[in-house]
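No value in this document is a laboratory result; all are computed from the given coordinates. Because the structure is predicted, anything quoted here is derived from the model rather than measured. Here the Cβ positions follow ideal geometry from the backbone for every residue, glycine too, while neighbour counts run over all protein chains shown.
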Amino acid sequence: MSDAVIGALIFLVKFFLLFAIISVFVLYATWYERKVIGHMQQRIGPKRVGWHGLLQPVADMIKAFFKEDSIPRDADKLFFWSAPVIGTVFAMMAALAIPFGPPLVLFGRHITLDVVHLPSGILYMLAMLSLVSFGVIFAGLSTKSKYPIIGAQREVAQVISYELILATALLNPVIMAGSLDLTKIVDAQSHLWFIFYQPVAFVCFLISMFAVSARVPFDLPEAENELVAGFMTEFTGMKFSLFYFAQYVVIFTVSMLAVIFFFGGWLGPSFLPPVAWLFIKWAFFIFLYTWSWGTFPRYRYDQLMNISWLILLPIVIINILWTGFAIQFGLPYLH
Amino acid sequence: MSVETREMLINMGPQHPSTHGVLRIILKLDGERIAGSEPEVGYLHRGFEKLAENMLYQQFIPYTDRLDYLASMNNNQSYVVAVERLLGIKAPPRAQAIRVIMSELGRIASHLVWLATHALDIGAMTVFLYCFREREAIIDLFEAAAGNRLNYNYARIGGVAFDLPKGFKENLQKFLDIFPEKLDEYHRLLTKNRIWLSRTKGIGILTKEQAINWGTSGPVLRGSGVEWDIRKAFPYDGYENYDFDVPTNQTGDVYGRYLVRMEEMRQSRRIIQQAIEHLPDGPVILQDSPYVSPSKEKIMTENFSLMKHMVLTIKGMRTPVATLYSATENPKGELGFYIVSDGSGKPYKLKIRAPSFINISAMPTMLKGNYVADVIAVIGSLDFVFGECDR
Amino acid sequence: MSGYGEVMVAFILFSVIFAGMVIMSRMLAPKNPYKEKLDLYECGSPILQGGYKMDIKYYLLAIMFTLFDIEILFVVPWSVYARGLGIIGFIEVSVFIILLFAGYIYAYVKGALKWQ
């Protein structure tokens with residue numbers, strides 16, 4: 001077989017492996033969240049379908065397939081159909097560039113553990129994450145219904161405000177590693193994780209991470225107590241599920257980003273394989289999402305914007321200057 | 001050049017997750033800001049006031065359960081106190097004390113549901129389930145006493161239906177012992193929470209004058225700094241014998257009303273504690289009163305008692321010809337019954353002053369200039385129940 | 001295949017998979033539309049006709065976002081080569097950021113950033 005065919009095969013294997021990992025994650029994240037939050041609230045969560053409710057997500061998925069798919073009469077059909085697909089596709093696209101471990105050498109071939117290896121991986125991922133919100137915008141505007149429009153309007157403003165913070169906060173590790181390549185960023189942390197150098201950037205990243213994935217306390221686009229279901233109000237069945245799918249994929253991706261940029265990625269003591277370390281650290285962030293869901297009330301819209309523009313933005317910009325300064329003068333906290 | 005713009009009109013309710021039943025508010029939105037709002041009520045109207053004209057006084061007691069279905073005990077008490085005032089009788093001391101215990105428990109239960117839904121509306125999901133856990137203990141107590149879990153039908157004209165069951169006092173004491181801890185837990189989850197503060201402070205302000213002018217009552221009025229509590233002003237069922245404070249808050253915002261209700265739960269616990277410590281002995285319903293059916297045993301053994309029971313159930317009691325307004329302090333506010341009696345066993349006219357209805361009417365004042373998200377905070381802080389508002 | 005070629009292939013694959021899921025559910029699911037079901041959600045009330053007014057803040061926000069996003073774009077190349085460019089590079093980028101920050105302060109003073 002020629003080299004190109006093998007390369008294509010490897011790509012396909014990695015692609016479907018990633019697809020499988022994320023699908024299983026999304027399915028079981030719902031189960032896990034319901035279970036954890038149930039125990040936080042002194043309930044037991046799903047218990048009926050399968051052992052401790054383990055088959056519940058499968059049942060939910062089957063239900064989504066067989067649920068009536070109703071389209072409002074006044075809706076713009078093309079955008080109404082494409083909205084959930086666009087959101088999910090771009091969320092998955094962002095996940096393509098996540099490296100799950102150091103490059104492998106297998107049968108004399110150099111295999112990277114990300115589906116596509118890009119020299120400027122982080123820029124690509126941020127771009128794809130921004131595009132996810134197009135699904136939401138289409139969803140909100142195509143239905144011509146009032147609650148979805150308000151939801152979409154909130155999503156746009158929230159996402160653009162917080163992606164700015166997200167991108168700026170991630171620049172600090174980039175400055176320190178001197179590369180946009182995710183693998184090189186992890187390698188740069190081999191002596192000490194960036195969280196210890198960049199606690200401020202990490203906190204800003206953490207806050208904007210919750211906002212970008214629209215979860216409590218920043219779940220305003222779909223704030224169910226105000227906007228019923230926000231931009232998803234008119235969607236049913238599979239389309240509705242796809243929005244959740246997209247949201248969980250974004251959670252997956254930004255949690256991975258947090259681990260890669262601040263917690264040393266797959267680095268860890270060698271008694272566990274690197275991939276295991278990556279997923280252990282990542283699980284902590286997934287838990288953080290559930291924990292905050294069970295604890296916090298929701299911010300109001302204007303407060304959310306004020307946090308972004310009046311507090312976080314000056315902090316991250318000054319932080320960039322400080323990092324640049326410290327790097328030039330080799331201040332003691334940098335090697 | 002001028003561009004004509006129109007505000008967006010949006011329906012909130014009657015089918016909306018956080019309009020607490022079937023309230024419909026027509027919001028006029030300018031962006032996300034509220035330019036005007038108009039609450040619409042009446043989706044749960046069942047014509048209780050008219051129904052009352054066609055039934056005997058004692059037959060209306062179960063209907064009062066369906067007013068504010070989160071505090072049925074308080075409604076029962078409110079109604080029977082009104083009829084007792086009409087008849088000029090008073091329940092025996094033990095019955096009064098039991099009614100006080102029940103209605104204060106009902107107040108705690110009602111406030112717990114308020115806190116649960118209010119917090120859920122603002123997004124704090126866990127508080128909801130914590131509150132229902134404590135409410136469950138109260139409902140169990142009610143079930144032991146009255147046999148039902150939501151509509152108790154427990155109070156009677158001249159007393160209460162049954163004496164307290166065995167073990168009630170111990171279970172109640174157990175609840176009273178753990179309750180302050182739980183209350184602290186809610187305080188820890190919300191009171192100092194930054195997000196909670198920013199969502200509730202300075203939102204939905206109702207000034208003292210506005211609160212009085214709109215005729216609001218209960219925690220809404222006290223949250224605006226007016227110290228007014230029917231239990232203190234016109235005591236009934238021996239409330240004058242209990243030592244408790246009336247919490248007020250001067251701010252008049254959502255947070256003020258939140259603090260008032262939280263403190264009221266503590267005060268209710270205090271009242272119950274005093275009531276069970278000094279629970280008098282004796283009958284739980286008036287004996288040998290012309291308005292009260294005799295006990296089952298007497299009906300079965302004495303001819304006169306049987307006749308009296310028959311007359312009371314078929315023809316009703318002979319009431320004085322009078323008009324009367326009697327109000328009690330419900331968890332939601334001043335629940336009043338205006339009774340016009342023509343001397344027969346059925347009220348000629350019965351008008352219910354529903355606190356929820358009047359508190360809702362103050363809502364447009366509170367909402368103006370706030371954001372959409374504040375609507376639900378204000379709705380939560382008004383704590384209305386539609387069974388009562390629409391009657 | 002280069003990295004971006006693979007991205008394109010992945011995009012097509014994902015589109016096919018997810019569009020396929022939606023279409024498949026369309027074929028599998030029952031269909032029983034009637035007038036009320038196809039109405040827009042309006043909390044169960046008749047739909048109120050009204051205009052749509054958007055806060056001017058959103059336009060300001062969009063402008064501010066563009067401004068700062070471009071700033072980040074200019075900072076990214078420097079941040080990759082921050083060590084190599086040395087003091088001069090740092091001073092240049094500082095001047096750039098401080099200029100933009102002055103703009104930020106101007107916007108703040110003008111009240112463009114406050115949502116009140």
Query raised in the report: Which three lengths, in whole Å and largest first, does chain A cover when its Cα atoms are put on their principal axes?
Result: 61, 56, 44
**Report entry** Cα gyration tensor shape for the protein assembly as shown, rounded if a/c is under 1.5, else prolate or oblate
**Finding:** prolate
Query raised in the report: Can you list the lysines whose alpha carbon is less than 20 Å from that of B:K50, not counting same-chain residues fewer than 8 positions off?
Result: B:K315, B:K346, B:K349, B:K351
Query raised in the report: Rounded to the nearest 0.05, what FRET efficiency do A:A20 and C:I98 have when you use their Cβ-Cβ distance and R0 = 41 Å?
Result: 0.25
Query raised in the report: Based on the Cβ-Cβ distance of B:D30 and C:M27, what FRET efficiency does E = 1/(1 + (r/R0)^6) give at R0 = 45 Å, to the nearest 0.05?
Result: 0.55
Query - Between region C:57-111 and region B:210-263, the Cα center-to-center distance that results, in Å - result: 54
Report summary line: Burial-style ranking of A:22-32, A:235-245, average other-beta-carbon count within 10 Å with highest first, yields A:235-245, A:22-32
Report summary line: Taking alpha-carbon centroids only, region B:21-80 lies from region B:323-391 a number of Å equal to 7
Requested in this report: Evaluate the relative contact order of chain A (contact order divided by residue number), counting alpha-carbon pairs under 8 angstrom at least 6 apart; express in whole percent.
Outcome: 21
**Report entry** For C:L60, B:L312, order by how many other beta-carbon atoms lie within 10 Å, fewest first
**Finding:** C:L60, B:L312
Report task. Could you pull out the trypsin sites (Lys or Arg not before Pro) across region A:1-63 that fall in loop regions by DSSP (anything but H, G, I, E, B) with no more than 12 other Cβ atoms inside 10 Å? Result -> A:R48
Query raised in the report: Roughly how tilted is helix B:372-382, in degrees to the nearest 10 and between 0 and 90, from the longest Cα axis of chain B?
Result: 20
Report task. Let me know the shape class of region B:138-266, please: from the alpha-carbon gyration tensor, a ≥ b ≥ c as square roots of the eigenvalues, rounded when a/c is under 1.5, otherwise prolate if a/b is greater than b/c, or oblate. Result -> oblate
Query raised in the report: Helix B:125-146 versus the longest principal axis of chain B: what is the Cα-based angle in degrees, 0 to 90, to the nearest 10?
Result: 10
Query raised in the report: Taking K and R as +1 and D and E as -1, what net charge do the other residues with C-beta under 14 Å from the C-beta of A:P274 add up to?
Result: -1
Query - Exposure proxy ranking, count of Cβ atoms within 10 Å, fewest first, for A:D74, B:D177 - result: B:D177, A:D74
Query raised in the report: How much net charge surrounds B:T365 when only the other residues with a Cβ under 15 Å from the Cβ of B:T365 are counted, with Lys and Arg +1 and Asp and Glu -1?
Result: 0
Query - For chain A, calculated [θ]222 nm from helices alone, where every DSSP H run of n ≥ 4 adds -39500 (n - 2.57) - result: -22000 deg cm²/dmol
Query raised in the report: If the cut-off is a Cα-Cα distance under 27 Å, which lysines reach A:K14, setting aside same-chain residues fewer than 8 apart in sequence?
Result: A:K184, A:K239, A:K281
**Report entry** Shape call, region A:41-159: gyration tensor on alpha carbons, a/c limit 1.5
**Finding:** oblate
Query - C:D39 paired with B:N171, simple spin-label distance in nm, labels 7 Å along Cα-to-beta-carbon - result: 4.6
Report task. Specify the angular offset, from 0 to 90 degrees and rounded to the nearest 10, of the alpha carbon long axis of helix B:303-314 from the longest principal axis of the alpha carbons in chain B. Result -> 30
Query raised in the report: chymotrypsin sites (Phe, Trp or Tyr not before Pro), restricted to region A:291-333: which are DSSP loop and have at most 16 other Cβ atoms within 10 Å?
Result: A:Y333
Query raised in the report: Straight-line reach from B:K90: which aspartates and glutamates have a Cα under 15 Å away, not including same-chain ones fewer than 8 places off?
Result: B:D237, B:E240, B:D288
Query raised in the report: Which pairs break 18 Å Cα to Cα here: B:K28/B:K368; A:K144/B:K368; B:K28/B:K208?
Result: A:K144/B:K368; B:K28/B:K208
